[in-house]
Amino acid sequence: MSSPNILKVAIPSPVFGLFEYTSESPIEAGCRVEVSFGRQSLVGVVMESSQHSDYPLEKLKPVKACLDKTPILPADILSLLKWAADYYQHPLGDVVASALPKLLRQGEAAHIAEDIYWQASELGKTQGEALLKRAPKQLALLNTLLEHSPLNADRLNALREKWRPAMAELVKKQLVDQFRQNSLPPLQHKAVSPRKLNTEQQQAVDAVHNSLNQFKSFLLQGITGSGKTEVYLELVSELLARQQQVLILVPEISLTPQLTRRFEQHLGIPVAALHSGLNDKQRLNAWLMAATGQASVVIGTRSALFTPMPKLGMIVIDEEHDGSFKQQDGFRYHARDLALVRARNQNIPVLLGSATPSLESLYHASHKRYALLKLRQRAAHQSSTPKIHLLDVCQRPMQDGLSDILIEQIRKHLSEQGQVMLFLNRRGYAPLLMCHACGWSTDCPRCDAHMTLHHHSRRLRCHHCGHERQAPSSCPECGSEELHIPGAGTERIEVALRQLFPAARISRIDRDTTRRKGELQQKLEQAQSGEAQILIGTQMLAKGHDFPNLTLVGLLDTDQGLFSSDFRGPEHMAQLIVQVAGRAGRAEKPGEVFIQTHHPQHPLLQTLLHQGYEGFAEAALAERQQALFPPYAHMAILRAEAAQRQHAMTFLQQALEQYQQQNSAIEYFGPLPAPMERRAGRYRAQLILQSENRKALYSLLKACTPTMGKLPGASRVRWSLDIDPQDVY
Ligand code: ADP
Ligand code: ZN
Ligand code: ZN
């Protein structure tokens, strides 16, 4: 009998290292296998196969089943995942699992499911209009199919509401053909003829074009509206002509429908969108279409980085500064940083785009690690960059968080048919409720935080742990009915605006008003069409949306961000201000921006106003250098949380001692309680590790992390390691 094959399998478990199994017939790396693991049966991925094992063969179990005939993860993805597991010191099994769509993790077969498609029939094309004179809904749907076709339910849902009854009629009348298919049919609409690029756009395109088929990193720094997307489109067309694939990562899910449509219209091909709005089947299908090379363009959020693409020719990271590229729990990877690794491995260019690049990326550009490409002007010739005013609100009359000057401005812009957007990064009615008589306030019983008042539902809700209860009408401590409501959230602003401007159409966009499926999309469409005259929203409004009528932007409360304890606080604040301001005046009408603050002399605001984002970035980088913060040093945080304060601190102290025995050039800060120490009833603490020497930090963590769970205090805490942390408080 020939010796069995030894398989090293990555299994989704918190244990570091691979597990060995045997198999009669050889199984290639990248195939899934079903194996018994303890008492469970799990799906793992073969990482290596060999003839040798350090264990006695009779101790190894045979795999129960092999689920793939050919690898579902190709060698390049396997090596990227290995690199990432090693760099982020995270168990490889968990890393591999996070690269797979859920259905593949669960063992589902890796083939593309059939889907139903509709397209206009010959009869529909020639006589639809005449035959549907009395059926406007059906005609409208037929016209959609004539514009881009064929369409499946997923695409139709993105384009039209409640289309199914009309479609059934159209099929019955034979104006539309319905068919099933298990591959992505080509779109039949005509590609939009490309715009003539301006000089800077053309220079950017040429620079990347000259580096196709080699690894090179580019930072495309272009102000909002400067035509960065147009640059991506031009390059993508070029790659398509060379039969290559392109991967585009974007921060937010709410951005993808717009962007996906723009790419499809421009390129005349279907784009595979990988986002959390898909159900498991759709996600698997899109993933497989990319992996089989059927989809030439993939647009997706963070985890789309791991999609296999056999003919990948370029990676684009849009809004590269955005924090959502960093995963904040479990496998804490940064998709932008890993994109550079993938591009280097595959010898292709990577293009990072932003109006407000991260300080890290600007640092790399200034050290010539990235080629810097700049777009300094808005592309559409009519529009100009908005004028920014600082509004000193000290001592000024305020009404529910709105200063009198801002209210006047809103009135003026509305009367001139402009659109107004107010930005406040705090949802709910007010951040707390407070007793005027005794000072009692609505503290969360489980967190070191206040509970937010939600007016409409009359409830108090903790935004950190979700704890909620009825808002009291009198003080539970002293019985006083004089309850004071300090501060304002988006809900309160909305209520105030409805009183001030009863005739205006007002739309609030935050997590509370966009919970239901389709709600966000609908609200964004109303904002875009100009149907909504005043928009009030959080973070969600700050990103990439294009509102052509917007003329006035108000930032209601920037002071919080000015005094953040996170060393990245000022950077995030500056990015937010510039991004939000960039929403104004995108079409013919010029834009104005008002920033309400109690600290108009704050250096961050002054530098930003007078020297722009670049001036700010230069000053901020100089500060980071002086304080030896990233990118001038490398950082990791070991966090622990426990039911008792002492347990978290003890574990971190033990970890610190273990680190110090290794004797390397590392600075330690802590262990210290986290700034918000208690959250959801658990105490949190952290130990910061920092070094100018990345290798020293890496070796230390590599030596200590796999055995961290064996420290005596480990069983009483939940601990995690965050390498290159984005949120540091
Ligand atoms: P960004 O991605 O930098 O915010 P976009 O690519 O969305 O900018 O471009 C902003 C607007 O300018 C869009 O409406 C786009 O169609 C238009 N635009 C871009 N490039 C050109 C160009 N070369 N000529 C005319 N209009 C352009
Ligand atoms: Zn009281
Ligand atoms: Zn809470």
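The values are calculated or read from the model by the stated rules, or taken from the named source; none is laboratory data. Keep in mind that this is a model prediction, so the values were computed, not measured. Heads up, the Cβs are rebuilt from the backbone with ideal geometry, glycines too, and the neighbour counts pull from every protein chain shown.
I'd like to know if the range 268-276 contains one or more residues that are crowded, with 21+ Cβ neighbours inside 10 Å, within 21 Å of Ile72 (Cα to Cα), in contact (Cβ under 8 Å) with a residue 60 or more places away in the chain and among the aliphatic types (A, V, I, L, M).
Yes, there is a match, as at least one residue in the range 268-276 is crowded, with 21+ Cβ neighbours inside 10 Å, within 21 Å of Ile72 (Cα to Cα), in contact (Cβ under 8 Å) with a residue 60 or more places away in the chain and among the aliphatic types (A, V, I, L, M).
Identify the residue in the range 552-599 that is of a type in the set (Gly, Ala, Ser), buried (at least 23 other Cβ atoms within 10 Å of the Cβ) and touching a Pro at 6+ places or on another chain (Cβ under 7 Å) and, among all such residues, is nearest to Gln626 (Cα to Cα).
Ala581
Would you mind stating whether Ala685 is part of a loop (DSSP other than H, G, I, E, B) and aliphatic (A, V, I, L, M)?
Answer is no for this residue.
Across the range 455-467, what is the number of residues that are more than 10 Å from ligand 3 (Cβ to nearest atom) and farther than 15 Å from Leu483 by Cβ?
2
Scan the range 679-688 and give yes if some residue there is touching a His at 6+ places or on another chain (Cβ under 6 Å) and not acidic (Asp, Glu), otherwise no.
Yes, because at least one residue in the range 679-688 is touching a His at 6+ places or on another chain (Cβ under 6 Å) and not acidic (Asp, Glu).
Let me confirm something: among Arg378, Arg426, which residue is out of contact with any strand residue (DSSP E or B) (no Cβ under 7 Å at 6 or more places or on another chain), more than 25 Å from Ser226 (Cβ to Cβ) and either modelled with pLDDT under 95 or of a type in the set (Val, Ile, Thr) (or both)?
Result: Arg426 is the single residue among Arg378, Arg426 that is out of contact with any strand residue (DSSP E or B) (no Cβ under 7 Å at 6 or more places or on another chain), more than 25 Å from Ser226 (Cβ to Cβ) and either modelled with pLDDT under 95 or of a type in the set (Val, Ile, Thr) (or both).
Can you tell me how many residues within the range 508-541 are of a type in the set (Ser, Thr, Tyr) and either under 19 Å from Asp557 (Cα atoms) or outside the structural domain of Leu406 (by TED's automatic domain parsing) (or both)?
Matching residues across the range 508-541 total 1.
Give me the pairs: first residue in the range 231-247 and touching a residue at least 12 places away in the same chain (Cβ under 8 Å) and not assigned by TED's automatic domain parsing to the domain that holds Ser296, second residue within 16 Å of ligand 2 (Cβ to nearest atom) and assigned to a loop (DSSP other than H, G, I, E, B), beta-carbon distance under 7 Å, and six or more apart or on different chains, which are they?
No pair meets every condition.
Which pairs turn up if I take residues in the range 427-447 that are among the small types (Gly, Ala, Ser) and look for partners that are away from ligand 3 (no atom under 12 Å from the Cβ) and part of a strand (DSSP E or B) with beta carbon separation below 6 Å, at least 6 apart in sequence or on another chain?
Pairs that qualify, where the first residue is among the small types (Gly, Ala, Ser) and the partner is away from ligand 3 (no atom under 12 Å from the Cβ) and part of a strand (DSSP E or B), are Gly428/His454; Ala430/Leu453; Ser441/Met434.
Please find, within the range 554-565, the residue that is nearest to ligand 3 (Cβ to nearest atom) out of those that are at pLDDT 90 or above and outside any loop (DSSP other than H, G, I, E, B).
Residue satisfying both the conditions and the ranking: Leu555.
Let me confirm something: among Ala140, Ala85, Ala97, which residue is over 27 Å from the mean Cα position of the chain (by Cα) and in a helix (DSSP H, G or I)?
On inspection, the qualifying residue turns out to be Ala140.
Against the conditions (1) at positive phi; (2) within 16 Å of ligand 2 (Cβ to nearest atom), where does Gly518 fall short? Just the number, please.
Just one mismatch for Gly518, condition (2).
Got a sec? Which of Leu414, Leu359, Leu372 is within 16 Å of ligand 1 (Cβ to nearest atom) and either over 30 Å from Asn549 (Cβ atoms) or over 31 Å from the mean Cα position of the chain (by Cα) (or both)?
So the residue among Leu414, Leu359, Leu372 that is within 16 Å of ligand 1 (Cβ to nearest atom) and either over 30 Å from Asn549 (Cβ atoms) or over 31 Å from the mean Cα position of the chain (by Cα) (or both) is Leu372.
Consider Thr224 carefully, then state whether it is more than 15 Å from Pro349 (Cα to Cα), among the polar types (S, T, N, Q) and not in a loop (DSSP other than H, G, I, E, B).
Spelling it out, it is not the case that Thr224 is more than 15 Å from Pro349 (Cα to Cα), among the polar types (S, T, N, Q) and not in a loop (DSSP other than H, G, I, E, B).
Okay, residues lined up against (1) within 19 Å of Ile388 (Cα to Cα); (2) in contact (Cβ under 8 Å) with a residue 40 or more places away in the chain; (3) in a helix (DSSP H, G or I); (4) touching a Gly at 6+ places or on another chain (Cβ under 6 Å):
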site: Glu531; (1), (2), (3), (4): no, no, no, no
site: Ile536; (1), (2), (3), (4): yes, yes, no, no
site: Met540; (1), (2), (3), (4): no, yes, yes, no
site: Lys543; (1), (2), (3), (4): yes, yes, no, no
site: Phe547; (1), (2), (3), (4): yes, yes, no, no
site: Phe567; (1), (2), (3), (4): no, yes, no, no
site: Pro570; (1), (2), (3), (4): yes, yes, yes, no
site: Leu576; (1), (2), (3), (4): yes, yes, yes, no
site: Gly585; (1), (2), (3), (4): yes, yes, no, yes
